[in-house]
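First the structure, in the form of structure tokens, and then the observations on it.
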Amino acid sequence: MRPENLTFFRDFIREAALISLGEDKEYLIVSRLNALYQREGFSNLDDYIDAIRSQPSGPYQTNAVEAMATHETTFFRDVNPFDSLRDIVIPQLIQNRENTRQLKFWSAACSSGQEPYSLAMLIREHFPLHQIWDVKILATDFSLSVLDYARKGLYTQIEVNRGLPAQCLVRFFKKQGSDWLLDDAMIRQMIEFQCMNLNSYFHFINKFDVIFLRNVLIYFDVDSKRMILEKIRDALNPDGYLILGGAETTLNLCEDFEPVPVGKAVFYRLAKT
Ligand SMILES: C[S@@+](CC[C@H](N)C(=O)[O-])C[C@H]1O[C@@H](n2cnc3c(N)ncnc32)[C@H](O)[C@@H]1O
């Protein structure tokens, strides 16, 4: 790739998706874009990048940004955070919200939906809140392709083999051909999927009790992590919890959060002022 195209592309991805591609990431860019430029009918990668440079926005730009994002996810990923939610956090929130009977969750960067669906199944399986409480799960990602996939609630055998307990498969899924479809009334209706870039302004009317922001900050540089954590701080209820991925932390980024052990997991709460 021509050096000026590499520089342009790194800046373009950072601006569009916050994703930080270090100087050593040329191999990653080339490997992710190779199939794409050929599919779009270009004979080499530089011509494709030139086409991206020639217009402010359009399908080339959208597809290139999507190609640079990593969408890896599984049901009940890492297990411990979900156990801690079930055993400690949700029971505590239910006590604290007895008056309003409202619980609000947000899976930010939800990828193909396994994270918010795991939460919905956990709530359905363990807490008899249905029709008595107003439980809302907002699930957002900037990638339209993963959101389309997530909204369908249809997963392959390989996907359900990754992390989904057998009792959840039996109770909440129906076989459809060789795939598995999540129950609409019991699970899919609990979730609202929305397209949202973490780069954008957050405009929520009500704050959230639990925010999942897992395995996405790792792709951003320090300034972007700080900027997002400050916006997340303002979107979280004072007694709420932020859940990050195992390799992520708020330490040295946003002092308004403090890590707290919750069962076998570590979550983040707003520091008392
Ligand atoms: C590795 S997945 C994590 C999925 C899930 N949270 C988990 O932990 O299993 C990261 C997701 O972040 C999304 N993402 C990356 N940059 C984003 C941005 N700037 N705004 C919103 N979503 C973004 C990607 O599209 C991808 O689906």
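The values are calculated or read from the model by the stated rules, or taken from the named source; none is laboratory data. Keep in mind that what you see is a predicted model, and the values were worked out from it rather than measured. Cβ placement follows ideal geometry from the backbone for every residue including glycine, while neighbour counts extend to all protein chains displayed.
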Exactly one condition in (1) more than 9 Å from the ligand (Cβ to nearest atom); (2) part of a helix (DSSP H, G or I); (3) surrounded by 22 or more Cβ atoms within 10 Å (Cβ to Cβ) is not met by residue 105; state its number. (2)
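Test of understanding: among 209, 234, 184, which residue is crowded, with 16+ Cβ neighbours inside 10 Å and more than 16 Å from the ligand (Cβ to nearest atom)?
Values: 234 fails: crowded, with 16+ Cβ neighbours inside 10 Å; 184 fails: crowded, with 16+ Cβ neighbours inside 10 Å.
That would be 209, the only listed residue that is crowded, with 16+ Cβ neighbours inside 10 Å and more than 16 Å from the ligand (Cβ to nearest atom).
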Among the residues of the stretch 15-45 satisfying the criterion of being in contact (Cβ under 8 Å) with a residue 24 or more places away in the chain and outside any helix (DSSP H, G or I), which is farthest from the ligand (Cβ to nearest atom)? 21
Does residue 73 fit the bill of being within 16 Å of the ligand (Cβ to nearest atom) and among the hydroxyl-bearing types (Ser, Thr, Tyr)? yes
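So, residue 82, is that one under 26 Å from residue 150 (Cα atoms) and among the aromatic types (Phe, Trp, Tyr) or not? Full working, then the answer.
Values: under 26 Å from residue 150 (Cα atoms): yes; among the aromatic types (Phe, Trp, Tyr): yes.
Spelling it out, residue 82 is indeed under 26 Å from residue 150 (Cα atoms) and among the aromatic types (Phe, Trp, Tyr).
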Among the numbered conditions (1) at pLDDT 95 or above; (2) out of contact with any strand residue (DSSP E or B) (no Cβ under 6 Å at 6 or more places or on another chain), tell me where residue 132 comes up short. (1)
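Restricting to the stretch 119-135, count the residues that are under 17 Å from residue 208 (Cβ atoms) and part of a helix (DSSP H, G or I).
At the first step, the residues of the stretch 119-135 found to be under 17 Å from residue 208 (Cβ atoms) are 119-120, 122-123, 129, 133-135.
Then drop every residue that is not part of a helix (DSSP H, G or I), which leaves 119-120, 122-123.
So the answer is 4.
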Which one of the conditions (1) outside any helix (DSSP H, G or I); (2) surrounded by 14 or more Cβ atoms within 10 Å (Cβ to Cβ); (3) assigned by TED's automatic domain parsing to the domain that holds residue 140; (4) away from the ligand (no atom under 16 Å from the Cβ) does residue 99 fail to meet, given that it meets all the rest? (2)
